Each structure stands twice: as structure tokens, then as C-alpha cells.
Amino acid sequence: MYWSQLTWAELPDKLKAVNGAAILPIGATEQHGPHMGCGMDAVMAEELCKAVAARTGVPMLPTLPYGCSLGHSRRWPGTLAVQPITLIELVKQIGDWAYHSGVRRFFMVNSHVTNEAPLRCALEMLRAEHDDMMVALINSATLSERVRAFHFADAHDWHANDAETSLMMAVAPDMVRTDKLTEADDPDRTAGRVFAHPVNRTSLTGVTGFPSKASASKGQEWFEWMVADLSELVMRGVAEDPPLDQSYFESCKCE
């Protein structure tokens, strides 16, 4: 179900079978503390969407490995950030070309928190230009209440914490340095703040939360929840139509 492995002759039938639906996984490349690889967000998006594509039959576009990670600063090596406007334009252009290939239900699955604002802008631009294209923005860490609860359990402004470390232990164990977990722990210092401070002003290790609490068994259960809950959302979207059939471009003829 990978877009990159389908031929132009195969793609139309794959899209027709799911009402023109396709999934775009979006991650980031950024420091994830001393205990975890910098590609964690991209790996999370990739593994989650691969499993959902297999379960639902909805084709998955190639994963975007770069995101808006400016808040991680230059204090720690490893972050490769793009400007918000760059991400907006990149996703908009990907969506345009997906539309011309037959995509009419476009699921953006985001695994990096601060990608959300640029991706919402891309959503607005795509649906304004393509009247018959529906666009959804789904943030992987908050796609359901149970998924949100385990992500936020040890920190409100979590990063590379118990949740993310446990997930990587389960689906990509090579990403985790288990001998570094305890030294990576760092409490959340963002409670009650008025401003959104960059990570260099909120963390000593680049982490917010407690990766020392992580385990592969928790991560496996949590990953299965994410796959099940995202698959359910995607399948609802495959069947969904707009509440009203009214053109974006035509003026109201009401008297």
C-alpha cells in the first residue's frame, strides 16, 4: 500500500477502492535527548501509517522526515529544522500533486507537535483551492483520549519521554540507548508559564519527562492502541461526505 511502490497503472484502482483516500505521514528530525535517535518523530509517523495503510487499504505517501523544529534550538546537535512557511508550501504542493493523481480524501498524520500550525495552514490552502478535496490533520499523540493520556502522563510539554521512548523500544529498538535512560530524565518546567519557551530554556538534557520509566511492553500496547484508533478515524473519513453539497466558488442564489 505504499504510494512509492505503486505504478501509475495501479494507483487509480487503489484510490478508487477507498474513495480517493491517501495518507501523508509527517515527522521531524531533531534531538531526542542522549538516549534516542534524532529521527524518532519520522520513524513514529512511518511505522504508524504503515500499519494503518496495511489495515485499511489506504495508500501511504512517502514520509516527510523534516519538520518545524525551531524550538529545539542549536544547543544540542542533530536538529534539522525547516521554517514554518517552508513546511506549509511543501505540504501544499504535495497535496496539489496528490489531487491531480486522484486523491480526494487527504489525511495528514503528524507526529511532531509544532508541525501542527503550519500543517493547518496547508489544510486551509488545499481545501480553498480544491473544492472536492477533503483534508484532515491528525496529530498522532492526541488522536484519541487513551493515546493522549499516556503521552501526557509524565509531562505536559513532553518530549522524548516515557511514551516516546516506550514506543520506540517496541517498534524500532535500535533507536534507543537503554544505558542512557536515567541520565536523560528531566522534569517539566513549563507549568504556569505565560510564554512558550524554547527547549534550551526548559530542559537540561533536551528531554521533558522520564524515559527511565519506559518499557517495550508498554510501548507495544500503546502502539496497538494508536494503530486501532487511527485506523478507525481513517475508515470513518473514507466513508464521510460533506454535510452540504454547496460549492466553495459559487455565490449563494438565495432570495
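Read the figures in this text as sums done on the coordinates, not as results from a lab. This structure is a prediction, so every number in the text was calculated from the model and none was measured. Reconstructed Cβ throughout: ideal geometry from the backbone, glycine too, with neighbour counts over all protein chains shown.
Rounded to the nearest 0.05, what FRET efficiency do residue 127 and residue 6 give with R0 = 30 Å and r taken as the Cβ-Cβ distance? Could you check?
About 0.75, to the nearest 0.05.
Among residues other than residue 204 whose Cβ falls under 15 Å from its Cβ, what is the net charge (Lys/Arg +1, Asp/Glu -1)?
Taking every Cβ under 15 Å from that of residue 204, the sum is -1.
What is the distance in Å between the Cα centres of segment 75-122 and segment 1-72?
11
What is the extension gain from residue 117 to residue 142, computed as 0.36 nm multiplied by their sequence separation minus the C-alpha to C-alpha distance, in nm to one decimal?
Extending this stretch completely gives an extra 7.5 nm.
With the contact rule set at Cα under 8 Å and sequence spacing of 6 or more, what percent relative contact order holds for segment 138-222?
For segment 138-222, the relative contact order is 40 percent.
Longer than 32 Å from Cα to Cα, which of 50/180; 14/253; 16/92 are they? Say none if no pair is.
14/253, as the Cα separations exceed 32 Å there.
Please identify the longest segment of the chain free of exposed chymotrypsin sites (Phe, Trp or Tyr not before Pro), where exposed means a DSSP state other than H, G, I, E or B and no more than 16 other Cβ atoms within 10 Å.
9-194
Assuming 0.36 nm per residue, please report the length gained on full extension of the stretch residue 101 to residue 16 beyond their Cα-Cα distance.
Length gained, residue 101 through residue 16: 29.5 nm.
Applying a 10 Å radius around every beta-carbon, put 43-49, 235-241 in order of their mean neighbour count, most first.
Highest mean packing first, the order is 43-49, 235-241.
Using 20 Å as the cut-off for backbone N distance, which residues of segment 231-247 belong to the label zone defined by a point 7 Å from the Cα of residue 55 along Cα→Cβ?
Correct set: 231-240.
Read phi for every residue in segment 20-30 and hand back ³J(HN,Hα) as whole Hz from Karplus 6.51 cos²θ - 1.76 cosθ + 1.60, θ = phi - 60°, with x for Gly and Pro.
Each residue's phi maps through the Karplus curve to give x, 8, 8, 10, 10, x, 10, x, 6, 10, 7 Hz.
Hey, what do the phi angles of segment 85-95 turn into as Karplus ³J(HN,Hα) couplings, whole Hz, using 6.51/-1.76/1.60 and θ = phi - 60°, x for Gly and Pro?
5, 5, 5, 4, 5, 5, 5, 4, 5, 4, x
Could you check what % of the DSSP bridge pairs in the chain are antiparallel, to the nearest 5?
Of the beta bridges lying entirely in the chain, close to 15 percent run antiparallel.
With θ set to phi - 60°, apply the Karplus curve 6.51 cos²θ - 1.76 cosθ + 1.60 along segment 241-249 and write out the HN-Hα couplings as whole Hz, x wherever there is a Gly or Pro.
3J(HN,Hα) across segment 241-249, in whole Hz: 10, x, x, 10, 9, 10, 5, 5, 9.
Viscosity 1.567 mPa s, temperature 4 °C: give me the Stokes-Einstein translational D for the chain in µm²/s, with Rh taken as the Kirkwood radius over C-alpha pairs.
68
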